[in-house]
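Remarks on the structure that follows.
The values are calculated or read from the model by the stated rules, or taken from the named source; none is laboratory data. Small disclaimer: the values here were computed from a predicted structure and weren't measured. Note that we place each Cβ from the backbone using ideal geometry, even for glycine, and neighbour counts take in every protein chain shown. The accessibility values were calculated without ligands, DNA or RNA, using every heavy atom of the protein model including side chains. Shrake-Rupley method; radii C 1.70, N 1.55, O 1.52, S 1.80 Å.
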Amino acid sequence: MAHLALDPLRNRSRRRRRRAPVGAVLALALVLGALVATSGPAGADAPNLVSGSGITVTATRWISGRTLEADIATGLVAANAVNGPHRIRITLPTDYFQRPTTRYPVLYLLHGGAGGSSAQWTTGGGAAEVITAGKPVITVMPDGGKVGWFTNWVNQPSGAQRWADFYLTQVIPWVDANLRTIAAKDGRAIAGLSMGGYGAVRLAQDRPDLFASVASFSGAVDLGDAGTRTVITEQAVQNGFPSDGPFGNPFWPLDGTWNAQDPMRRPTRLSGLQVLLYAGAGIHDADVLERTMGQSADRFSRTLTANGVPNFWWMYGRPGPTVPFGCDGGHNFSCWNFALNDALPRMLTVLRAPGTTPPPAGTNLVANTGFESGLSPWQCAGTCGVDSGAGLSRSGAGNGWARSTSGWNDLHQTVAVTPGRTYRITGWIRSSANTSSGYFGLRTPTGQVVAEQRFGRFDAYTQLTVTAPAGSSTSLVAFAGVWANGDTWLQLDDVAVVAL
């Protein structure tokens, strides 16, 4: 395992002879699709892809009748971090231009490492156009770098590689601002192959509020595996970067970042999401690469199950299903195309159907508004919890609390919002006599306050109201917290965030 490379193109020469002529027909369709006139659909102009959310658009072009490509630049990713120009490809639904007022869910589809790029799923072996034809989904294929690993690099001496921030704080808002998307959790799925399989799971674990479904195809979902660590560090060096670039030192006890970003150690972050896992047994016994990815997926599935997270896991063996792409069980597109073809209809069962509108004005976007069901999905900064049946709530039996003798302590929950709309947050707060620096409001997921109200001592529950514009954000964080100075506390109940 010392010299593996997670190269999605590496095993092609060792495929078994395919027995299904359907696969050849689909492959021919893919090639012909790429040769369609690059002016786009007849009578349709390209969507006006404009700069925003930290992304600068320098050019756009049609790759085929349904796939559009944009050349971009961002301060979060250096130009030398990608294979060729930095680009994003977008495959539109077949009827996108025939339904000019319809909004569609989005599938973010990530490529592999060691030579991968945004072109891989359409003209680099992938059959994304064929698979999504007739499906009501926008497919977005951003670049993930030569060996970006969809993480914010620990060591960046050759230029910025903040891939997680690029995807979560720039790409998603940019896509929602430029295309007719359903800009909500149930309007997004994310999937990827090999390096991108890790990236899909990693980003979904970072921001489960943004996605309804996540799928990994032969993904490196166990960063604790010694062989996987060897691959990642060797790939970094092979591409001219330091071995400790993506995740830092891989050796104990200095491997804290590897452990912190290991999907195996964060299974419950996927609670409530549809989780789909695919891998093969390798094209032969010596195919250590795919066998390792299959073993990793199996461990991850078992870990999810043990932690109460339902998941779908298909070990398709060797050879895999021959129809329609001739999957041979290896680490290649014959199987990744099969996996995407199987996963997409499953994803569509949890994604919102096109044409439906966002929740109407006045709908409360907060879950567990009165803490009657425990703490989740509320989260803590510092020390917080729930009182239940203690007679301390404003209504019902529960209320939340934050309490400490020092530092910042809050209760917060992320809610999906629609870019361009204005939102109002209300909540009822009671606080300790020494409270002087309490804050209630909305902030971005990166911590930037959008709007807040400062409060002090409240002997009885008092309602606070704050109004804030979503701007380009697709999610905001509702929060109530205090800066503690001695024993300082707040109690929170009946929180609501509504669109105006």
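Residue 428 contributes an accessible area of around 60 Å² to the protein surface, as traced by a 1.4 Å probe with all chains present. At a Cβ-Cβ separation cutoff of 4.7 angstrom, no cysteine residue of the chain is without a neighbouring cysteine. The peptide list 381-393, 177-189, put in order of mean Cβ contacts within 10 Å with the highest first, becomes 177-189, 381-393. The relative contact order of the chain comes to 13 percent, based on Cα pairs under 8 Å that sit 6 or more residues apart. Just check the stretch 158-201 against the gyration tensor rule for me: Cα atoms, a ≥ b ≥ c as the square roots of the eigenvalues, rounded for a/c under 1.5, and otherwise prolate or oblate depending on whether a/b exceeds b/c. Verdict is oblate for the stretch 158-201. With mean projected area of the Cα convex hull in nm² defined as stated, name the option among [x] 23.6; [y] 34.9; [z] 25.8 computed from the structure displayed. Entry [x]. Taking amide H as placed 1.01 Å from N in the peptide plane, residue 398 has its amide H under 5 Å from the amide H of 389, each at least 5 places away in sequence or on another chain. In terms of its C-alpha gyration tensor, the stretch 105-152 has an oblate overall shape, because the principal axis ratio a/c (a ≥ b ≥ c, square roots of the eigenvalues) is not below 1.5 and a/b does not outweigh b/c. When the helices of the chain are scored as -39500 (n - 2.57) per DSSP H run of n ≥ 4 and the total is divided over every residue, the value at 222 nm lands at -5500 deg cm²/dmol.
With the Cα gyration tensor of the stretch 220-331 giving a ≥ b ≥ c as the square roots of its eigenvalues, does the rule (a/c under 1.5 for rounded; else a/b larger than b/c for prolate; else oblate) give rounded, prolate or oblate?
Since a/c reaches 1.5 but b/c is at least a/b, the shape of the stretch 220-331 is classed as oblate.
The slack in the chain from residue 395 to residue 363, taken as 0.36 nm per residue of separation less the alpha-carbon distance, amounts to 9.6 nm. For the set 234, 290, 372, 129, solvent exposure ranked by accessible area (probe 1.4 Å, protein chains only) runs largest to smallest as 372, 234, 129, 290. Per residue, the accessible area of the stretch 107-250 comes to 19 Å², computed with a 1.4 Å probe over protein heavy atoms only. In the stretch 392-500, the ratio of gyration radius to Kirkwood radius, Rg to Rh, stands at 0.98 when only Cα atoms are counted.
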